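The values are calculated or read from the model by the stated rules, or taken from the named source; none is laboratory data. None of these values were measured; they are calculated from a predicted model. Don't worry about glycine lacking a Cβ; one is built from the backbone with ideal geometry, like all the others, and counts go over all protein chains shown.
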Amino acid sequence: MRKGELGIHPRGFRVNPAGVDLRIDREVRLEPKQHSLVASIERVELSDTIVGFLHLRSSLAREGLFASLALVDPGFRGQLTVSLYNSGDSAVNLAKGERFIQLSLLRLGKPAINKYAGRYQNSTGVVASRRRKKSHTPK
């Protein structure tokens with residue numbers, strides 16, 4: 001962070017031995033078999049020498065939550081959208097500001113040739129899929 005290779009704002013996130021715990025942006029109640037998109041409170045800014053890996057906090061996984069998590073590419077800037085699914089038999093409640101995902105960071109041996117410049121750059125809040133959907137015509 002001191003070298004400008006990583007930015008996480010606002011403060012309040014928790015640094016741990018293997019990464020940084022990020023907080024959920026709103027209160028969420030997930031009933032059994034329910035899915036929801038949520039966002040991190042924090043805005044993450046990675047340089048071209050840092051890649052991030054997201055992991056659901058294990059205490060939430062033990063309650064039946066699954067998360068669809070992806071790499072955070074070098075050069076990404078924005079809040080992180082995460083898909084949560086409750087596979088359990090009981091509702092799971094998350095309080096606004098609760099730690100829910102961990103961002104693990106790895107330094108690349110050399111800067112990435114292409115920094116992230118995709119559809120989710122500078123994301124704010126929950127961002128739904130921006131995948132280009134191709135029309136399929138059956139033969």
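Summary of values
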{"item": "Residues of region 67-119 that turn out to be of a type outside the set (S, T, N, Q), in contact with a Ser or Thr (Cβ under 8 Å, 6 or more places away or on another chain) and surrounded by fewer than 19 Cβ atoms within 10 Å (Cβ to Cβ), as a count", "result": "7"}
{"item": "Test: residue in region 54-72 that is in contact (Cβ under 8 Å) with a residue 24 or more places away in the chain, touching a Leu at 6+ places or on another chain (Cβ under 7 Å) and not aliphatic (A, V, I, L, M)", "result": "yes"}
{"item": "Condition met for Gly97 (among the small types (Gly, Ala, Ser) and within 18 Å of Asn16 (Cα to Cα))", "result": "yes"}
{"item": "Entirely in region 39-139, the strands (runs of 3 or more DSSP E) that have 2 or more residues that are modelled with pLDDT of 95 or more and among the hydroxyl-bearing types (Ser, Thr, Tyr)", "result": "77-86"}
{"item": "Qualifying positions in region 1-46 - surrounded by fewer than 18 Cβ atoms within 10 Å (Cβ to Cβ) and polar (S, T, N, Q)", "result": "Asn16, Gln34, Ser36"}
{"item": "Residue match in region 8-26 (condition: polar (S, T, N, Q) and assigned to a loop (DSSP other than H, G, I, E, B))", "result": "no"}
{"item": "Of all residues making up region 6-21, the number that are hydrophobic (A, V, I, L, M, F, W, C) and farther than 25 Å from Pro111 by Cα", "result": "1"}
